[in-house]
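Everything on this sheet refers to the single structure shown next.
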Amino acid sequence: MPMKVIVIQFSGSTCDRDLVYAMREIMGWEVDLVWYKEVTHKLDNYDAIFLPGGFTYGDYLRAGVIAAYTPVMQEVKTLAKEGMPVFGICNGFQILVESQLLPGALIGNDTLRFSCKWVNLRVETSRSAATKLGVKGDLWRIPIAHGEGRYFIDEKGLKELIDNDQIVWRYVNEHSEPTKESNPNGSIDNIAGICNLEGNVVGLMPHPERAAESILSPWETDHGRLYFKSIENFHREMM
């Protein structure tokens, strides 16, 4: 049976339909796009929860912070702690961090500019729900589109992420080296995405839904599909 997932739409979500298209038309999943105030049916009826990219509430105060305090996110937090797979892309990652489902903070790009371009990601672990089919060291080419994507965490927190194998992707160059030049926003340790200790909550700044078809890529690759196929594999392992 295909996966049944929900994409929660907030005021200011702008990448929700791209995400729905990738999961419904490319992956063949059953997808509900639901306005956050209308999530009246139980979220635990779904196989996974997705928080899409965009600029919820105009990034007022901080990116993702207002959405993080909506009532629906309280239920998401409860289910995530019970093992429900929860995924945040770009602004969705920011919401997960502001909800304290993931550690650290996402702040303004060090360039002080919005950045929209293709980047190279190196898979750092296969233990997360979004990299189950990845191999440590794999190179994924996926685009970014953000103004507040610089991941930051203090020294102690960074050590914990490394020790607990919670860093999922790093920005790298074409030789898979995490250099300053390959880091598009100044993220600490070139971090592009992380997961929680259990691996069921995953956030990343780049947009895999925009790289799920080879026709979209300058390299004619569909590395974004590996993200969704990994989630599918994670779901099968849970069943």
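The table that follows gives values for the structure above.
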| item | result |
| --- | --- |
| Where a residue in the range 3-30 is surrounded by fewer than 18 Cβ atoms within 10 Å (Cβ to Cβ) and in a strand (DSSP E or B) and its partner, wherever it lies, is basic (Lys, Arg) and modelled with pLDDT of 95 or more, with Cβ under 8 Å and at least six apart | 30/4; 30/24 |
| Output for the range 119-141, where each listed residue is touching a Ser or Thr at 6+ places or on another chain (Cβ under 9 Å) and of a type in the set (A, V, I, L, M, F, W, C) | 119, 123, 129, 130, 133, 135, 139, 140 |
| Complete set of residues in the range 86-117 that are within 26 Å of residue 212 (Cβ to Cβ) and charged (D, E, K, R) | 117 |
| Some residue of the range 203-216 being at pLDDT below 95, touching a helix residue (DSSP H, G or I) at 6+ places or on another chain (Cβ under 7 Å) and surrounded by fewer than 19 Cβ atoms within 10 Å (Cβ to Cβ) | yes |
| Those residues of the range 156-177 which are surrounded by fewer than 16 Cβ atoms within 10 Å (Cβ to Cβ) and acidic (Asp, Glu), in sequence order | 160, 163, 174, 177 |
| Failed criterion for residue 116 (all others in (1) touching a strand residue (DSSP E or B) at 6+ places or on another chain (Cβ under 7 Å); (2) at pLDDT below 95; (3) of a type outside the set (S, T, N, Q) hold) | (2) |
| Helices (runs of 4 or more DSSP H) lying entirely in the range 53-137 (those with 2 or more residues that are polar (S, T, N, Q)) | 71-81, 91-98 |
| Count - residues of the range 37-52 that are outside any strand (DSSP E or B), out of contact with any Asp or Glu (no Cβ under 8 Å at 6 or more places or on another chain) and modelled with pLDDT of 95 or more | 1 |
| Residue 61 surrounded by fewer than 22 Cβ atoms within 10 Å (Cβ to Cβ), within 28 Å of residue 233 (Cα to Cα) and free of Cβ contacts under 8 Å to residues at least 40 places away in the same chain | no |
| Residue pairs meeting the criteria (Cβ under 7 Å; at least 6 apart or on separate chains; first under 10 Å from residue 170 (Cα atoms), in the range 115-138; second assigned to a strand (DSSP E or B) and small (Gly, Ala, Ser)) | 121/192 |
| Sole residue being surrounded by fewer than 22 Cβ atoms within 10 Å (Cβ to Cβ) and either touching a His at 6+ places or on another chain (Cβ under 8 Å) or closer than 19 Å to residue 13 by Cα (or both), chosen from 108, 88, 83, 137 | 108 |
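Each row is one residue, and each column tells you yes or no for (1) surrounded by fewer than 19 Cβ atoms within 10 Å (Cβ to Cβ); (2) over 27 Å from residue 58 (Cα atoms); (3) in contact with a Pro (Cβ under 7 Å, 6 or more places away or on another chain).
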position	(1), (2), (3)
152	yes, no, no
180	yes, yes, no
186	yes, no, no
194	no, no, no
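The values are calculated or read from the model by the stated rules, or taken from the named source; none is laboratory data. Since we're looking at a predicted model, the values are computed, not measured. FYI the Cβ positions are ideal-geometry reconstructions off the backbone, even for glycines, and counts take in every protein chain you see.
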